[in-house]
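See below for the structure under consideration.
Every read-out reported here was derived from the displayed coordinates using simple, explicitly stated rules and does not represent laboratory data. In this text the structure is predicted, and so the values were computed from the model without any measurement. Note that each Cβ is placed from the backbone with ideal geometry, even for glycine, and that neighbours are counted across all protein chains shown.
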Amino acid sequence: MPKKTINQKIAELDELTNWFYSEDFSLDQATEKYKAAVKLAKEIEEDLKSLKNEIAVIDKDFTKE
Amino acid sequence: MEEPRFSVSEFIDVVNQTLDYAYPSTLVEGEVSEFKINQGKWVFFNLKEDDNSLSCFMPLFQLKIPLEDGMKVVVRGRPKLTKWGKFSFTAQQIMPVGEGSIKKAYEMLKKKLAAEGLFDAARKRPLPRDLTKIGVISSTGAAGYADFCKIVNARWGGLKIQTAHTQVQGMDAPAQIIRALKYFNEKSEVQLIAIIRGGGSADDLSCFNDEALAREIAASKIPVITGIGHEVDESLADLVADLRGSTPSNVAELITPDKTAILATVSQNIKSARSQFCQALIISYDTLNHYRDNLKDGLKAKLSQADTHLSEQITRLNGTILQHLNTLSSHAADAVSGARRTLLTKLNAEIEKNESAIKMVERLNPELVLKQGYSIISGKLAPGENVEITTLNQIASAEIKAIKERK
């Protein structure tokens with residue numbers, strides 16, 4: 001299974017937290033959903049703290065055709 | 001030494017070779033006058049400075065900016081002696097200089113491109129979602145580029161940024177930026193191209209009003225965002241791009257989410273979900289309490305009802321029992337009374353009977369007989385036997401002499 005991107009995780013968290021306000025909400029599933037949301041939030045936090053950008057200058061001379 | 005002797009054409013060629021060697025590419029600045037286009041193909045104008053004038057010529061297709069008499073421009077070209085012996089400057093590239101000329105050229109080109117619809121809002125594409133690969137066109141030594149990188153790194157992570165280092169001012173800048181745009185479109189996988197350059201004078205930024213550059217941006221398959229100069233600086237590149245940022249820093253902000261804000265949102269979402277969860281629990285608990293209270297009240301009411309009913313039954317039963325007891329008591333009293341009467345009657349009869357018996361016994365008392373003068377003989381009545389004769393006051397002994405029967 002491919003690793004989820006941070007945006008996918010954020011979207012998933014949005015979906016999970018929105019569930020608590022939806023008509024599908026039920027106390028039976030709430031604990032599981034809440035645990036999943038907290039786990040995902042922690043992952044997002046760790047991802048955001050650890051992710052670095054890769055900035056590279058292209059090895060090409062644009063002064064020439 | 002013999003002086004060289006040339007034919008006219010040879011001399012013209014030699015002069016031109018010398019000029020080419022001495023001035024392979026020269027920039028000349030002046031004011032445009034007597035601008036005209038011949039046969040729809042050739043551009044002629046003079047560059048003036050005070051009383052000095054230089055004839056210029058160029059093919060029309062190389063003219064990338066609108067020209068008008070009075071505009072101050074810088075012309076890149078080569079000096080040339082024509083076969084008619086006239087000195088001319090063959091222009092290859094022209095850029096307006098000075099605020100007034102730049103503005104005039106800008107307005108004229110803007111009008112032209114706007115008429116073609118290059119700035120139409122309908123052409124603007126949204127920024128790609130889930131942005132991970134970005135192409136940047138800038139001068140890597142520029143402060144604007146450093147600001148851009150700093151802000152991107154502060155706001156977000158996981159991006160792959162490829163930078164095409166080009167000039168971002170001067171006459172060569174448009175061509176280099178165009179090459180970089182072509183490179184990203186043809187040879188990269190970037191999802192967005194950012195053209196950035198920090199603040200500068202109108203002359204510094206005028207390269208971004210180049211028509212060819214504007215058209216290349218418009219033709220880019222990959223969405224383009226610009227961040228050129230400051231908020232007040234508007235270029236044709238800005239107008240034709242899919243999105244304009246006011247500065248390089250602003251471009252960084254527009255293309256990256258803010259991880260601090262996202263962390264806050266994530267935390268808020270979790271708090272919000274927890275609050276909703278707790279609220280649901282409280283509501284359920286209250287509902288249960290409500291049901292429990294209802295049940296309790298219902299049971300209490302039923303019990304009270306049953307208690308009342310029971311009390312009534314007991315009261316009724318007590319009444320009945322009391323009534324029965326009274327009846328029984330009355331009957332018992334009657335019976336006791338009857339029995340008592342019977343007993344008394346019987347007792348009286350017995351007493352009377354006993355009294356008669358006593359009287360009778362009293363009447364049989366020997367003392368009473370002795371008092372009446374009689375005597376009592378005790379012993380065996382047979383001749384020769386001794387007996388005792390008892391009177392009221394005396395006891396005598398006697399011997400039986402004879403016995404005879406009484407008739």
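Note on segment B:64-164: percent of Cα-Cα distances in each 5 Å bin, starting at 0 and stopping at the bin with the largest distance, equals 2, 9, 11, 10, 11, 15, 14, 11, 7, 4, 2, 2, 1, 0. Please enumerate, by chain and number, the aspartates and glutamates with C-alpha under 18 Å from the C-alpha of B:Lys104, excluding those fewer than 8 residues away in the same chain. Here the aspartates and glutamates satisfying the reach criterion relative to B:Lys104 are B:Glu29, B:Glu31, B:Glu34, B:Glu68, B:Asp69, B:Asp203, B:Asp204, B:Asp210, B:Glu211, B:Asp233, B:Glu234, B:Asp238. For chain A, adding -39500 (n - 2.57) for each run of n ≥ 4 DSSP H residues and dividing by the number of residues yields -20000 deg cm²/dmol at 222 nm. Mind running the shape call on segment B:74-113? Use the C-alpha gyration tensor, a ≥ b ≥ c as the square roots of the eigenvalues: rounded below 1.5 for a/c, prolate if a/b tops b/c, oblate otherwise. Note, shape of segment B:74-113 comes out prolate.
Sorted from greatest to least, the principal axis extents spanned by the alpha carbons of segment B:202-299 come out as 91, 24, 19 Å. Shape analysis of segment B:1-157 yields a ratio of the Cα radius of gyration to the Kirkwood radius, Rg/Rh, of 1.16.
Each principal axis of the Cα cloud of chain B was evaluated for its coordinate range; sorted largest first, these ranges are 249, 41, 33 Å. Here's the picture: a label point sits 7 Å out from the Cα of B:His230 along the beta-carbon direction, and within segment B:171-201 the residues with their amide nitrogen under 16 Å of it are B:197-201. Here the ratio of the Cα radius of gyration of segment B:133-285 to 2.2 N^0.38 Å is 1.33.
Adding -39500 (n - 2.57) for every DSSP H run of four residues or longer, then dividing by how many residues chain B holds, sets the calculated 222 nm ellipticity at -16500 deg cm²/dmol. Both radii come from the Cα set of segment B:154-236: Rg as radius of gyration, Rh as Kirkwood radius; their ratio Rg/Rh reads 0.96. Using a Gaussian network model of chain B in which every pair of alpha carbons under 10 angstrom is joined by a spring, one finds that among B:Glu211, B:Glu234, B:Glu312 the greatest mean-square fluctuation is at B:Glu312. Look at the stretch B:273-282: the mean tally of other chain Cβ atoms within 10 Å of its residues' Cβ atoms is 4. Over segment B:8-96, Cα pairs under 8 Å with separation of 6+ residues give a relative contact order of 31 percent. Positive contributions from Lys and Arg (+1) and negative ones from Asp and Glu (-1), summed over other residues with Cβ under 14 Å from the Cβ of B:Ser25, come out at +1. Taking 0.36 nm per residue of separation and subtracting the Cα-Cα distance, full extension of the segment from B:Gln305 to B:Leu370 would add 14.1 nm.
Between B:Asn52 and B:Asp120, the modelled label-to-label distance comes to 4.8 nm, taking each label 7 Å out from Cα in the direction of the beta carbon.
Across q = 0.18 Å⁻¹, segment B:8-96 modelled as identical point scatterers on its alpha-carbon atoms has Debye log10 I(q)/I(0) values of -0.78, in the order of the q list. Residues of segment B:73-94 with an amide N closer than 20 Å to a point placed 7 Å from the Cα of B:Ser7 along the Cα-to-Cβ direction: B:81-86. With the simple model of a label 7 Å out from the Cα in the direction of the Cβ, B:Tyr285 to B:Arg406 spans 12.5 nm.
Both radii come from the Cα set of segment A:6-48: Rg as radius of gyration, Rh as Kirkwood radius; their ratio Rg/Rh reads 1.01.
Post the alpha-carbon centroid distance, segment B:6-63 to segment B:99-166, in whole angstrom. Spelled out, the Cα-based centre of one part sits 35 Å from the other. Treating each Cα of the protein assembly as shown as one equal point scatterer and applying the Debye formula with no solvent, the log10 of I(q)/I(0) at q = 0.07, 0.12, 0.14 Å⁻¹ comes out as -0.67, -1.12, -1.29. Here the spin labels are modelled as points 7 Å beyond Cα on the Cα-Cβ line, and at A:Asp28 and B:Phe61 they lie 7.5 nm apart.
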